[in-house]
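Since the structure comes first, as structure tokens, the remarks are kept for the end.
The values are calculated or read from the model by the stated rules, or taken from the named source; none is laboratory data. Everything quoted here is computed from the prediction, not taken from an experiment. All Cβ positions, even for glycine, are placed from backbone atoms using ideal geometry, and neighbour counts span all protein chains on display. The area values use the complete protein model at the heavy-atom level, side chains included, leaving out ligands, DNA and RNA. Shrake-Rupley method; radii C 1.70, N 1.55, O 1.52, S 1.80 Å.
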Amino acid sequence: DYSAVFYPGGHGPMFDLANDDVIANITAEVFNNGGVVAAVCHGPAGLVPVQINGQPIVKGRKITAFSNAEEDAIQLSSSMPFMLETKLKEQGGQFTAAPLWEKHVVVG
């Protein structure tokens, strides 16, 4: 029943959406049906559990998110369950980032 999924920013997705298989399955279904999947800031943490044909949804795709350098700059890296940039790269995402706090948009 959905044509798009949007993951908002803020640290919340790092702690809930990154581990939510129900939402991940909805996202995969929307994506597989030609829908739009988008995220900002820490929102891409919600993409971590999403699988498409047994592979991470980010694999081989351009992606950006709150960077490791930005997390370090606000001194919250040690409070995060994982480093988002690192995780997206581990999953095969083609991660790019702008200088700290600058706007950066990619379409993958």
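A search for C-beta distances below 9 Å between a residue of segment 53-80 that is free of Cβ contacts under 8 Å to residues at least 40 places away in the same chain and any residue that is open to solvent by 50 Å² or more (accessible area, probe 1.4 Å) and among the β-branched types (Val, Ile, Thr), counting only pairs 6+ apart in sequence or on different chains, returns Ala65/Val40; Asn68/Thr86.
Step by step: first the residues of segment 1-34, then only those that are assigned to a loop (DSSP other than H, G, I, E, B) and farther than 21 Å from Glu70 by Cβ, then the one that is modelled with the lowest pLDDT. Which residue is that? Top of the filtered list is Asp1. State yes or no: is Phe6 in contact (Cβ under 8 Å) with a residue 60 or more places away in the chain and open to solvent by 60 Å² or more (accessible area, probe 1.4 Å)? No, not satisfied.
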